[in-house]
Amino acid sequence: MPNKPSILLIYTGGTIGMATNPETGALKPFDFDHIMQQVPELKRLGIKLESYTFDPIIDSSDMSPIIWEQLANLINENYYKYDGFVILHGTDTMSYTASALSFMLQNLTKPVILTGSQLPIGLIRTDGKENLITAIEIAAARDNRGAIVPEVAIYFETELYRGNRTTKRSAEHFNAFKSYNYPALAQAGINIVYNRDHINYSPKEDFAVHTKLEQNVVILKLFPGITVQTIKAICNLPHIKGIILETYGSGNAPTSPEFHKILSDTINRGVIIVNVTQCTEGRVNMKKYETGIGLLNIGVISSYDSTTEAAVTKLMYLLGNITDHATIIQKLKISLRGEINDQS
Ligand code: ASP
């Protein structure tokens with residue numbers, strides 16, 4: 001009889017573990033034992049479960065690079081003790097955390113599965129129980145070659161997605177996440193069906209953890225009417241090192257010479273500007289329209305079919321770990337953890 005798989009369940013907070021504060025009527029994070037009491041089925045899974053609770057537990061609106069660093073260090077310290085990791089996390093910033101961890105944890109051979117829920121686990125109609133149980137099963141799944149999903153992924157309402165391809169799309173429905181530009185890694189129905197052709201296997205080098213992230217980055221979303229002064233103020237922020245420019249459609253932006261001059265002066269000062277589309281589906285192609293070519297010519301970098309969450313955390317990761325400007329640009333243009341399809 002093979003050994004029982006062992007999973008470290010990491011609780012950061014989020015609706016899954018929340019209960020109503022009787023004084024305000026609003027939801028607030030509750031302790032981990034509360035979760036375990038609601039899901040006695042966990043004992044019958046045949047999986048050795050141990051847990052770690054963050055202190056304080058938080059609503060994920062309070063998530064930060066400091067906590068990402070703590071998460072990455074925790075996984076690093078426990079990497080060889082467990083077969084997989086499940087992170088319970090609020091849904092609001094789960095895609096940012098999954099994206100950040102995908103860059104921070106290099107050459108993973110074990111699953112790191114994030115999940116949470118839209119309704120607290122103590123409520124009768126909760127989606128938390130199914131999400132938690134299936135996320136643990138996925139984190140424990142292995143065959144004779146090792147873990148079936150050695151990736152940072154999000155499991156939510158029947159779908160397993162590569163974490164750095166996800167976006168929170170609904171504040172209402174149980175299927176809160178979507179990976180618009182990459183297929184699901186697995187679907188949970190009567191069976192959990194893995195889409196192995198789309199899962200990343202066989203890292204060539206040893207597992208490595210990178211905890212440094214550059215926080216002097218900003219997301220600048222264009223809209224008709226945004227003023228030149230606003231753009232200038234953001235581009236001239238002291239210490240700014242990188243800008244994610246959220247453009248229209250396939251990477252298009254205003255053609256005004258004033259706008260282009262601000263961006264080009266900013267790039268010439270050494271600030272990296274990455275073009276991400278505001279569309280949830282599709283990709284940046286700056287060669288398609290003249291409104292895009294102008295950006296390409298001044299040195300704006302395409303993020304191809306990246307989500308904003310992946311683009312901003314990739315930039316934080318690269319700026320935090322690499323000093324050579326040309327190397328950062330070169331790595332932005334290629335897929336590091338399956339976060340983009342870089343074939344334009
Ligand atoms: N505000 C909550 C959080 O992100 C929402 C959730 O968990 O669904 O922590």
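Each reported figure results from applying straightforward, stated rules to the coordinates on display, with no laboratory input. Fair warning: this is a prediction, and the values are worked out from it, not measured in the lab. Every residue, glycine among them, receives a Cβ derived from its backbone with ideal geometry; neighbour counts consider all protein chains shown.
Computed values, structure above
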item	result
With Cα atoms, 0 to 90° folded angle of helix 308-321 axis to the chain main axis	80
Spherically averaged projected area of segment 289-344 from its Cα convex hull (nm²)	4.2
P(r), alpha carbons of segment 253-305 - 10 Å bins starting at zero, rounded %	26, 55, 18, 0
Cross-link pairs Lys110/Lys241; Lys129/Lys314; Lys129/Lys178 - those with Cα-Cα distance over 30 Å	Lys110/Lys241; Lys129/Lys314
Residues whose placed amide H lies under 5 Å from that of Phe156, excluding near-sequence neighbours	Tyr161
Relative frequency of Cα-Cα separations exceeding 21 Å in segment 1-149, percent	41
Per-residue [θ]222 nm for the chain (sum of -39500 (n - 2.57) over DSSP H runs n ≥ 4, rounded to 500)	-8500 deg cm²/dmol
11 Å reach of a label modelled at Lys43, 7 Å along Cα-to-Cβ, counting backbone N of segment 104-131	none
Local electrostatic count at Phe207 - Lys and Arg +1, Asp and Glu -1, tallied over other residues with Cβ under 15 Å	-1
Evaluated over segment 88-149, the Cα radius of gyration and Dmax, each in Å	13.4, 40
Of every Cα-Cα pair in segment 231-344, the percent that sits beyond 21 Å	31
Placed amide H near Lys178: partners under 5 Å, 5+ positions off or other chain	Thr167, Arg169
Efficiency of FRET from Cβ geometry, His239 and Gln106, R₀ 22 Å, rounded to 0.05	0.25
Length added when fully stretched, Thr255-Asp197, from 0.36 nm per residue minus Cα-Cα	16.7 nm
Under Karplus coefficients 6.51, -1.76 and 1.60, residue-wise ³J(HN,Hα) of segment 84-94 in Hz, glycine/proline x	x, 9, 10, 10, 8, 8, x, 6, 4, 10, 4
Relative contact order computed over segment 29-175 (Cα-Cα under 8 Å; 6+ residues apart), in percent	23
Rounded to 10°, Cα long-axis angle of helix 128-140 versus longest principal axis of the chain	90
Most mobile listed residue (Asp59, Asp305, Asp197) in the chain, GNM with C-alpha springs under 10 Å	Asp197
Fluctuation leader among Gly189, Gly13, Gly116 - the chain, Gaussian network, Cα springs under 10 angstrom	Gly189
Cut-off under 5 Å, modelled amide H: who pairs with Ser306 long-range	Val284
Kirkwood Rh in Å, taken over the chain so that all alpha-carbon pairs contribute	21.0
Cα-based helix-to-principal-axis angle, 257-268 vs the chain, degrees rounded to 10	70
Extension reserve of the Leu27-Ala208 stretch, reckoned as 0.36 nm per residue once the Cα distance is removed	61.4 nm
Extreme residue, positive dipole direction of the chain, given options Gly17, Leu114, Leu263 (C-beta unit charges)	Leu263
Cα-based equivalent ellipsoid of segment 200-256: semi-axis lengths in Å, sorted from largest, via gyration tensor	33, 18, 7
Taking only Cα atoms of segment 1-57, radius of gyration then Dmax in Å	14.0, 52
Simple Cβ-charge dipole of segment 174-280, Lys/Arg +1 and Asp/Glu -1, about Cα centre, in debye nearest 20	140
